[in-house]
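Here, each number is a calculation from the coordinates, and none is a lab measurement. Keep in mind that this is a model prediction, so the values were computed, not measured. Cβ: placed from backbone, ideal geometry, glycine included. Neighbour counts: every protein chain shown.
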Amino acid sequence: MPKLVILVALTLSFGTCGRGPEAGSANATAPDEESRRVPPSDPAQIARIQLPAELDRVLRDYETGWRNGDEKALAALFTPDGFILRPGHPPVRSRDSIEVAYTNSSGSLHLHAFDFGLSASTAFIIGGYGYGPDTPDSGKYLLALRKLEDGKWYIAADMDNGNVGR
């Protein structure tokens, strides 16, 4: 099984770990199955959450790189074998290829999180993005992250898509 599939499967299996004072402890409880299966009818009801500082850094550095049109800084946020998975484009793999793919990318990007999971060496963030601090979301994303030998979190895969009609 490819590493990315295993990584995504592991990160999605975290459930609610990482959210709240008991996350990751034996006392942590997941929401009931029904509440996880039924999405709210109004997307605005999905609450934004605060991430741990080490994960929030990834989002803030991504915003900064995007706003500055700095494709080298953006690519450096990824693992050496990282992926970007964008709608309407083939998958892109590796920092060098990501740097090329992000050429001429810039704008007032704002990222926020709806959910996350965190273990010792893998994590995920599910969130939304827009192009202004108080504008409706233009789209949503899923980041799979890995902690590398230097102790920092890097993006192993970035999948995003726009919201229809926005």
Worksheet item: In nm, what is the difference between 0.36 nm times the number of residues separating Ser121 and Asp56 and their Cα-Cα distance?
Response: 21.8 nm
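Return the FRET efficiency for the residue pair Ser138, Asp81: r is the Cβ-Cβ distance, R0 is 25 Å, and the value is rounded to the nearest 0.05.
Details: r = 28 Å, r/R0 = 1.13.
Computed FRET efficiency for Ser138 and Asp81: 0.35.
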Item to complete: Pull out a ≥ b ≥ c, the square roots of the eigenvalues of the alpha-carbon gyration tensor of the range 43-166, then state rounded if a/c is under 1.5, prolate if not and a/b is larger than b/c, and oblate in the remaining case.
Response: oblate
